[in-house]
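Bear in mind these aren't lab numbers, they're just calculated from the coordinates by the rules spelled out. These numbers come from a predicted model, not from an experiment. Positions of Cβ are generated from backbone atoms using ideal geometry, with glycine treated the same way; all protein chains shown enter the neighbour counts.
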Amino acid sequence: MIADLHVHTRQSDGSYSFEEALSLARAREISCVSFVDHDTTSGTARAVALEKTAGVLVIPGVEISAYDRKRKRKGYTDGIYGPLYRQLFKGGGIADREIEYVDVFDALRAIKTDGGRAVLAHPGQLDSYELAVELIAEGLDGVELYHESHSISDHTRIFELARRYPHLLLTGGSDDHGLFGSLHLIGEIRAPFGAEQPFVRASESHDR
């Protein structure tokens, strides 16, 4: 199974509808996609319902905007967002509003309580490896390995984490936002072989 576990749609800051994203995935021979829109699960049930006709397995997901209170003056809270996000949600944009960011440890506990698998997205982008160790101690399930912002050095550090913590799942994906600033299309960065299976099992167990 070929999986891309990091795709965005117009439910947050992507340009794709679910149908468009699944059609592109199928055309690129991707068999499994996880939609991880920012801070919303709106439409997730519809996306899952489309998987049979699309011929692409859909793993429900969400990318939560969270911060570590101990590291917030350092300026990390807004650093992960690109120009489009700031244009829409900050500085008088059409969706400008105050956003209350959740503490990352609270987010982790919420995901685990709901039966989900918690993965730290692109730790190399903000050098959050120290935080990763703290989160692993609290039940973090995985770390994103393959991402456009990661270098060989990041891969080395993540593989070292996986050696230290053998339960750790390693994921990856294109982080495709469609027309809105993506460097890679769906499937151009893929998850490690078999990475999708624990999420499929968790989803099936949750459904039951």
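Counting alpha carbon pairs within less than 8 Å and at least 6 residues apart, what relative contact order, in whole percent, applies to region 95-189?
It comes to 22 percent, rounded to a whole number.
If each residue's Cβ is checked for other Cβ atoms within 10 Å, how do Tyr146, Tyr67, Tyr129 rank with the fewest at the top?
Tyr129, Tyr67, Tyr146
Determine ³J(HN,Hα), in whole Hz, for all residues of region 5-10 in sequence, where each value follows from phi through the Karplus function 6.51 cos²θ - 1.76 cosθ + 1.60 and θ = phi - 60°; x replaces Gly and Pro.
Listing the rounded values in order: 9, 8, 10, 10, 10, 6 Hz.
Is there a quick way to get the dipole size of region 24-68? I mean about its Cα centre, with the Cβ of Lys and Arg at +1 and of Asp and Glu at -1; what is the value in debye to the nearest 20?
The dipole of region 24-68 has a size of about 360 debye.
Output wanted: per-residue J couplings in Hz (rounded whole) for region 35-45, from phi through Karplus 6.51 cos²θ - 1.76 cosθ + 1.60, θ = phi - 60°, x for Gly and Pro.
Karplus-based 3J(HN,Hα) across region 35-45 equals 8, 10, 5, 5, 6, 8, 10, 4, x, 4, 4 Hz.
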